[in-house]
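Data block below; observations after.
The values are calculated or read from the model by the stated rules, or taken from the named source; none is laboratory data. Everything quoted here is computed from the prediction, not taken from an experiment. As a convention, Cβ positions derive from the backbone with ideal geometry for all residues, glycine included, and neighbour counts pool all protein chains shown.
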Amino acid sequence: MKRIVLTGGGTAGHVTPNIALIPELKRDGWEIHYIGTRSGIEYSLVSGKSDIIYHSIHAGKLRRYLDIKNFTDPFRIVCGIGQSIQIIRQVKPRVIFSKGGFVSVPVAIGGFFNKVPVIVHESDITPGLANRISSIFADSICTTFPETVSMFKGDKAVYTGTPIRRELFNGKPERGMKICGFRPDKPVILVMGGSTGAIAINNCIRGILEKLLHRFQIAHICGSGNIDKGLMGIPGYVQFEYVDEELPHIISLADIVVSRAGANSIHEFLALKKPNLLIPLPLEASRGDQILNAKSFEQKGYSKVLLQEDMTQDALYLAILELYNKRHQYINNMAMADQNLGIRKIIEQINKYA
């Protein structure tokens, strides 16, 4: 039996590409093992799936800012490396595929010490700290953006695109309408802020909710604990903390999307040809990767961008109206993009190194 270890976690963006690969790997006869933490989102998204063997390790976050946990997390990282070495030695995989996030670093190091080929996938234009460390121990680095290849030394990096979950293409608008309780005679805006939500976007959308509802219906994925109970039951407005199996149907129903600019999400909008307004995480809350992702898509004509520091209620309302009015232009631009990469190219890399 040929075995593969997948790893990645901390946010949904470090897990969903792995989930997209799993059906293809199963079809190719792989026994799939996943290494993650017990407390991370990867555990809730992966551990219950059939035919996947989940292994838990300790992991510490790699921070570039002052935090008391900076003194304790190095010990968790060392512990995680030891656990990874032991798990990989027992599993004996042919290859390890790492999607990034702090949990992936001990696994990449564990693979290196067990002489198992390691493939790292970088979602953003600029590599994150975890993947920069993991790349030292990697045999191959797959990139979502072609611009990223030159940011890694040597000839390890290859442009593959990102794996898109095939179930997203099976969404049915009529199912989405039932899930949301919407009418068929008004356009739909999908608002989403990543797996943890986006407070700034949530507040601004709710501030112009009355104006928007004159023209649109709104499906709002607002993040855990972010539902406004005072707005429940308003016709044409529905809130979700998080959606999983319902997402393909809700996104198929949407005419336009308002979102953060995580690499996986924006490539899903591109693949589904969904006009989108991107409001990337600001510099004070991130390393600036979402801003670069958004600018790349804006330059290609795939997205409209509104920086959070420029976001007022009026600016957001006007940006939404402009996006909707020009939606066919964005759809035409996205239709010209080459999306025949992703899963196929990454599976090629996995087979090559296995």
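Annotations
- Options T7, T11; residue that is under 24 Å from G193 (Cα atoms), in the same structural domain as E348 (by TED's automatic domain parsing) and at pLDDT 95 or above: T7
- Here the strands (runs of 3 or more DSSP E) wholly within the range 76-160 that include at least 2 residues being of a type in the set (A, V, I, L, M, F, W, C), in the same structural domain as I53 (by TED's automatic domain parsing) and surrounded by 22 or more Cβ atoms within 10 Å (Cβ to Cβ) are 95-98, 118-122, 140-143.
- Positions within the range 161-191 being in contact with a Leu (Cβ under 9 Å, 6 or more places away or on another chain), part of a helix (DSSP H, G or I) and within 30 Å of I350 (Cβ to Cβ), in sequence order: E167, L168, F169
- Filtered residues of the range 133-164 (kept if on the phi > 0 side of the Ramachandran plot and under 21 Å from the mean Cα position of the chain (by Cα)): G161
- Residue that is nearest to the chain's Cα centre (by Cα) [pool: residues in the range 219-237 that are of a type outside the set (G, A, S) and in a loop (DSSP other than H, G, I, E, B)]: C222
- Only residues that are without any contact (Cβ under 8 Å) to a residue 40 or more places away in the chain and farther than 16 Å from F216 by Cα were counted in the range 315-337, giving 6.
- Test result for R206, in a loop (DSSP other than H, G, I, E, B) and among the basic types (K, R): no
- Candidate set from the range 192-203 (those that are part of a helix (DSSP H, G or I) and out of contact with any Gly (no Cβ under 6 Å at 6 or more places or on another chain)); member that is surrounded by the most Cβ atoms within 10 Å (Cβ to Cβ): N202
- Any hit, the range 307-315, residues being buried (at least 17 other Cβ atoms within 10 Å of the Cβ) and in contact with a strand residue (DSSP E or B) (Cβ under 8 Å, 6 or more places away or on another chain): no
- For the residues S296, S252, the requirement of being within 17 Å of the chain's Cα centre (by Cα) and among the hydroxyl-bearing types (S, T, Y) singles out S296.
- From the list R132, R94, R89, the lone residue that is without any contact (Cβ under 8 Å) to a residue 24 or more places away in the chain, more than 13 Å from A263 (Cβ to Cβ) and either in contact with a helix residue (DSSP H, G or I) (Cβ under 8 Å, 6 or more places away or on another chain) or not acidic (D, E) (or both) is R132.
- Consider the range 224-262 and keep the residues that are without any contact (Cβ under 8 Å) to a residue 60 or more places away in the chain and buried (at least 21 other Cβ atoms within 10 Å of the Cβ). The one that is farthest from V305 (Cα to Cα) is Y237.
- Taken as a whole, the range 165-182 holds no residue that is of a type in the set (A, V, I, L, M) and without any contact (Cβ under 8 Å) to a residue 12 or more places away in the chain.
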